[in-house]
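The values are calculated or read from the model by the stated rules, or taken from the named source; none is laboratory data. This structure is a prediction, so every number in the text was calculated from the model and none was measured. Cβ sites come from the backbone with ideal geometry, for glycine too, and all protein chains shown count toward neighbours.
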Amino acid sequence: MIKIEITCENKPIKSFSFSKAITINEVMNQTTLPFCKIVAYKINNEYVTGTKLINQNTCLEVVPLDTPAGYRIYQDSVIFLFNMAFYLLYGTKYIMTMQHSIGDGVYCELESSKENIEESDLKKITEKMNELAKSKLPIEQINLSIEEASKYFYFFKRYDILKNLNFGHKQTINVYRCENYYDYYHRPLVAHTGLLDVFELCQYSKGLVIRFPKRCTCEIDGKFVMPKMLFSVHQEHDKWLNILKVQNIGDINKLVENYQISEFIQTEEALHEKKIAFLADQILVRNKVKVVLIAGPSSSGKTTFAKRLSVQLRVNGLSPLIIGLDDYFLPRIQTPRKEDGDYDYETIHALDLPLLNRDLLALINGEEVTLPRYNFISGLREISDEKLKMRADNVLILEGIHGINDMLTAEIPVENKLKIYISALNQLNIDLHNRIATTDFRKLRRIARDFRYRGYTAEATLMRWDAVREGEDKNIFPFQENVDFMFNSSLTYEIAVLKKHVLPQLASINKYSLVYNAAQDLISLLEHVKDIQDEFVPINSILREFTYGSVFKY
């Protein structure tokens, strides 16, 4: 008898026994599992197809859409389906570029074209995608020599892929084929087009948004609402990169190879400084602003940003004062708890909001305040000997995850505060169809920082990442449009600097680790990049917060 145990995310789901060898597809046909859509299978943490024959006792892991890995596979696969449909309709006259994530989808535009995507185009593409989905066409991964792959991509006018192939050192490459359409994706795709029946296309600006289903329901979540401020920040950065002729990893690699990367780095860092100086000018102009609130997701560079903003404020004749929100935690006995019973320090209700607002109002009114100090060992708030009184030239800076939530400073008049959202909004992609998610940039930053400064391995960082994202989804992202300004802290070149810091850590993760596949995704991404030495990075760069050698103390 052959015993097959089906698991999901390391949790047992069902067990079966069979008297003879059986394929995964045959196993799935004989059972009903509590998932809306299974997009992949794994055995020993290796992705396998449904035609895989099981002839011995096996632990078969299913990867449904509502898991982080399954969701990314589904997203990439829908993008593959979209580009296949687009090719079948328009040939190689136009090439679509997947620009960046936005809301619950990905924003796309025509590459190197002044023409816009119209509603009529959306209808045709949607109909073709649905037709392909209903046909349940197999999507096959095939291994080709670099020479063979180059011929296909030259035919499809995918010069972006060819550029990357020229910088690679591998003899072969894995390519995905569906009928006569070929494309490259560095992560796994679904087995057939029939699984890709939930998506939506929305026309916006010059292009369109490919929307993906909500993970928990496997359905499109209502009408699409564009986060306009976030979109404008993305478009501004994209326009700037177009001027510098840098969109994909191949462009960065070319700058490295041609010894032009130093000038590019200086230019990009100067853009950061110009933006920070602009924000400092806005604070000066709005002379009633006394409290600057800074918030953003993990590894956005908030600390360095706050310090650089302080420098620019001093240049403008202002004197910034930084207040730590951690000292306003409630006593531990009053701290709210999560469903599992642990203390929830990330909820805004873990802070003593009345005390914070009372102190801020007193400071704004010119009164002297004795600041609290939180003792993390005892879990009690203590009275410190630090007294604070604002002068006319002082500005308070508060940096924390709840900074842009109006509940934090509900009693502070609107004209007295200015809210800044900061995030590493990546615009660099592997190629026109393989985007690099903003969350991947932040993961790499955090892995580098956690290992150097906190003694955590890459495995430990990745194990905690989903919990980090859950907190961001609850406490930060819902408020990101409710700000005065946004600052994009990403640096297009940073992935090439971070590579040497994180690759050995990622490579050390055991094949049987729960985060092995997440690590392999990042390794696959980093394999496309040429190294950039740390010496090229300015000592006041936000990137130095995650590597070493920053001029600022943390």
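Points worth noting:
- Some residue of segment 313-322 being in contact with an Asp or Glu (Cβ under 6 Å, 6 or more places away or on another chain), on the phi < 0 side of the Ramachandran plot and in the same structural domain as F477 (by TED's automatic domain parsing): yes
- Here R215 clears all of (1) at pLDDT 95 or above; (2) farther than 15 Å from I102 by Cα except the condition numbered (1).
- Test set (1) touching a residue at least 40 places away in the same chain (Cβ under 8 Å); (2) under 23 Å from N434 (Cα atoms) - L244 fails condition number: (1)
- Selection count where residues are closer than 14 Å to G301 by Cβ, surrounded by 19 or more Cβ atoms within 10 Å (Cβ to Cβ) and not acidic (D, E), scope segment 521-554: 8
- I220 under 23 Å from the mean Cα position of the chain (by Cα) and assigned to a helix (DSSP H, G or I): no
- Scanning segment 77-127 for residues that are within 18 Å of H192 (Cα to Cα), among the charged types (D, E, K, R) and in contact with a helix residue (DSSP H, G or I) (Cβ under 7 Å, 6 or more places away or on another chain) yields no hits at all.
- With a requirement of 3 or more residues that are surrounded by fewer than 18 Cβ atoms within 10 Å (Cβ to Cβ), the strands (runs of 3 or more DSSP E) lying completely within segment 331-417 that satisfy it span 369-375, 380-388.
- For segment 535-550, the set of residues classified as outside any loop (DSSP other than H, G, I, E, B) and within 16 Å of F441 (Cα to Cα) consists of I542, L543, R544, E545, listed by residue number.
- Of all the listed residues (A448, A458, A518), the sole one being over 15 Å from F546 (Cβ atoms) and surrounded by 22 or more Cβ atoms within 10 Å (Cβ to Cβ) is A518.
- For segment 241-270, filtered to residues that are in a loop (DSSP other than H, G, I, E, B) and loosely packed, with under 14 Cβ neighbours inside 10 Å, the residue that is nearest to the chain's Cα centre (by Cα) is K245.
- Checking each residue in segment 470-498 for being without any contact (Cβ under 8 Å) to a residue 40 or more places away in the chain and buried (at least 18 other Cβ atoms within 10 Å of the Cβ) picks out no residue at all.
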